[in-house]
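The values are calculated or read from the model by the stated rules, or taken from the named source; none is laboratory data. It should be emphasised that the depicted structure is a prediction, and the values quoted were computed from it without experimental measurement. Heads up, the Cβs are rebuilt from the backbone with ideal geometry, glycines too, and the neighbour counts pull from every protein chain shown. Note: areas computed on protein heavy atoms with side chains; ligands, DNA, RNA excluded. Shrake-Rupley method; radii C 1.70, N 1.55, O 1.52, S 1.80 Å.
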Amino acid sequence: SMSLDASSAQPDAIDTLIQRCLAGDQAAWEQIVRQHWRKVFNIAYKFTGRHDLAEDLTQDVFVKIFKSLDTFYPRANFQ
């Protein structure tokens with residue numbers, strides 16, 4: 001059984017969003033970015049110590065994820 005804590009309950013399961021992205025759904029991609037931006041940014045900020053660099057790095061990460069989305073579905077753990 002899957003346990004979701006309330007704070008991470010998401011309107012669409014990530015698998016569903018990834019499927020929609022792969023089908024060309026831009027809104028699904030934007031939802032993925034919104035759900036994960038802060039987490040990625042925080043990690044990037046720990047690495048760089050600078051807000052501007054962290055933003056650039058976060059952007060790069062999401063571009064790379066977008067280009068390799070097909071590798072996250074169906075088995076990989078997106079997180």
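Data table
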item	result
Selected residue (criterion: modelled with the highest pLDDT) from residues of the range 67-79 that are open to solvent by 40 Å² or more (accessible area, probe 1.4 Å) and not in a loop (DSSP other than H, G, I, E, B)	Lys67
Pair list, Cβ under 9 Å, 6 or more apart: the range 66-79 residue under 20 Å from Trp37 (Cα atoms), other residue open to solvent by 80 Å² or more (accessible area, probe 1.4 Å)	Leu69/Leu22; Asp70/Leu22; Tyr73/Gln19; Tyr73/Leu22; Gln79/Lys39
Residue selected from the range 1-53 under the condition part of a loop (DSSP other than H, G, I, E, B) and within 13 Å of the chain's Cα centre (by Cα), by the criterion modelled with the highest pLDDT	Ala13
Residues that are closer than 19 Å to Thr16 by Cβ and surrounded by fewer than 12 Cβ atoms within 10 Å (Cβ to Cβ), drawn from the range 30-40	Arg34
The range 41-66, residues that are within 16 Å of Ile14 (Cα to Cα) and either aliphatic (A, V, I, L, M) or surrounded by fewer than 12 Cβ atoms within 10 Å (Cβ to Cβ) (or both)	Ile65
